[in-house]
Amino acid sequence: MKRIFALTLVLVMLFAFVGCNNTQTPEGTPTATPDASTSPSPHETEGEEEPVSVAIVVAGGLGDRSFYDSADEGLKKLKETYGVKTQVLECKEDASLYQPYLLNAAEEYDFVVAVGWQFYDALVAVAPTMPDTKFIYVDNAVEGISNVHNILYAQNEGSFLVGYIAAKMSKSGKIGAVGGMDIDTINDFIVGYEQGAKYANPDIEVQIVYAGDFEDPAKGKESANSLITAGCDVIFQIAGKTGEGVFEAADEHDIYAIGVDSDQKYINPDVIICSMMKKVGDSIFAAVEEYIKNGTFKGGETVVTNMANGFIDVSYGDDTMTQQVSDELKAEVEALKAKIISGEIVVETKRR
């Protein structure tokens, strides 16, 4: 049935569409990245029902040690736990690939996870034509499509906490943030960061720079250097792979940095004091697991993952790593976390 619905779209895009088979992809074109095995698990025997299949399509690329890699970790956990058949398709920020890659995945997989706010238009075009495919949309939401489950994140809540930490750790009274782009999702981080910083120190100065890219560490480093020149001594990176340049600049100038999405302290434990955790992989795992265990898929619904349900948090690496944030300050952060969960502190948002 899926192939019948898709046939017309496939024919229209035949000459423009570059297939996702990475053995036939022209040089320079973003490729599909299969998991180590995209076939059913070895323990399956003839006659047994095939496992659920899940493909994730990422707007950028793996290797960011942040947002996209977190999604991939969720996919790997599904494979390890339930023998799920998996594949990753990387668009490498090429917007012309969003729609064909979603369609290609939807023809072959039970679940297609669109990872990135950028997929809005492509999902609106593809999902209604593939009613038998279950889509999960990460970091944005489309309304009125019954086979799309939207997952949003209260990143403003976690950013409030790291903003508080940044202000408390700053010696100059100036802190900064490097955003990938000037968009709602990034600004949702920033508004929480600023609010948390002002909660810690009403006189703190918060400076923001947008790198204009999520895949370019050189731009991240340039952006961070401009903040350092302006006197900032703690910088929050909210820029995916571009943020690796922020860490480089912080190391070279002996200031502190804050990671994002995943626990990034391991990248440079002497520079990265904490990370704002946005557990993308865990949220994908939870949504698919609910279907595997209970047959439940929340198509047409939007779920906001937050601090209360455990998908937003702050991390400090492990005990083997240098801990710049004192136990006393960590305790203050835990108290603030409880106030956010209870509603005593309401964090501002820049979401649509």
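From the list Pro30, Pro40, exactly one residue is surrounded by 19 or more Cβ atoms within 10 Å (Cβ to Cβ), at negative phi, modelled with pLDDT under 55 and not acidic (Asp, Glu). Which is it? Steps first, please.
On the way: Pro40 fails: surrounded by 19 or more Cβ atoms within 10 Å (Cβ to Cβ).
Just one listed residue meets the conditions, Pro30.
So, restricting to helices (runs of 4 or more DSSP H) that lie completely within region 209-306, which ones have at least 1 residues that are in contact with a Pro (Cβ under 6 Å, 6 or more places away or on another chain)?
244-253
Table: residues versus (1) closer than 30 Å to Leu336 by Cα; (2) not in a helix (DSSP H, G or I).
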| position | (1), (2) |
| --- | --- |
| Val88 | no, yes |
| Glu107 | no, no |
| Gln118 | no, no |
| Ile151 | yes, yes |
| Ser159 | yes, no |
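Condition test on Phe285, is it in the same structural domain as Val113 (by TED's automatic domain parsing), closer than 22 Å to Gly240 by Cα, touching a Ser or Thr at 6+ places or on another chain (Cβ under 9 Å) and touching a residue at least 12 places away in the same chain (Cβ under 8 Å)? Lay out the reasoning, then the answer.
Working: in the same structural domain as Val113 (by TED's automatic domain parsing): yes; closer than 22 Å to Gly240 by Cα: yes; touching a Ser or Thr at 6+ places or on another chain (Cβ under 9 Å): yes; touching a residue at least 12 places away in the same chain (Cβ under 8 Å): yes.
Considered against the rule, which asks whether it is in the same structural domain as Val113 (by TED's automatic domain parsing), closer than 22 Å to Gly240 by Cα, touching a Ser or Thr at 6+ places or on another chain (Cβ under 9 Å) and touching a residue at least 12 places away in the same chain (Cβ under 8 Å), Phe285 comes out as yes.
Which one of these is of a type outside the set (D, E, K, R) and buried (at least 22 other Cβ atoms within 10 Å of the Cβ): Ser342, Ser326, Ser275? Explain how you work it out, then say what you get.
Values: Ser342 fails: buried (at least 22 other Cβ atoms within 10 Å of the Cβ); Ser326 fails: buried (at least 22 other Cβ atoms within 10 Å of the Cβ).
From the options Ser342, Ser326, Ser275, the qualifying one is Ser275.
Examine region 211-218 for a residue that is modelled with pLDDT under 95, surrounded by 24 or more Cβ atoms within 10 Å (Cβ to Cβ) and under 17 Å from the mean Cα position of the chain (by Cα), and state whether such a residue exists.
yes
In region 313-323, how many residues are loosely packed, with under 12 Cβ neighbours inside 10 Å and in contact with a Lys or Arg (Cβ under 9 Å, 6 or more places away or on another chain)?
To start, the set of residues in region 313-323 that are loosely packed, with under 12 Cβ neighbours inside 10 Å comprises 318-320.
Retained after the next criterion (residues that are in contact with a Lys or Arg (Cβ under 9 Å, 6 or more places away or on another chain)): 318.
Summing the residues that are loosely packed, with under 12 Cβ neighbours inside 10 Å and in contact with a Lys or Arg (Cβ under 9 Å, 6 or more places away or on another chain) in region 313-323 gives 1.
Residues in region 257-272: is at least one under 30 Å from Gly176 (Cα atoms), charged (D, E, K, R), at pLDDT 95 or above and more than 20 Å from the chain's Cα centre (by Cα)?
yes
Restricting region 219-243 to residues that are in contact with a Gly (Cβ under 6 Å, 6 or more places away or on another chain) and β-branched (Val, Ile, Thr), which is surrounded by the most Cβ atoms within 10 Å (Cβ to Cβ)? Even if it seems obvious, please write down each step before you answer.
Initial filter on region 219-243 (in contact with a Gly (Cβ under 6 Å, 6 or more places away or on another chain)): 220-221, 227, 232, 235, 237-240, 242-243.
Within this subset, residues satisfying the condition of being β-branched (Val, Ile, Thr) are 235, 238, 242.
Numbers: Ile235: 29, Ile238: 33, Thr242: 30.
Among residues in region 219-243 that are in contact with a Gly (Cβ under 6 Å, 6 or more places away or on another chain) and β-branched (Val, Ile, Thr), the one surrounded by the most Cβ atoms within 10 Å (Cβ to Cβ) is Ile238.
The values are calculated or read from the model by the stated rules, or taken from the named source; none is laboratory data. These numbers come from a predicted model, not from an experiment. Note that each Cβ is placed from the backbone with ideal geometry, even for glycine, and that neighbours are counted across all protein chains shown.
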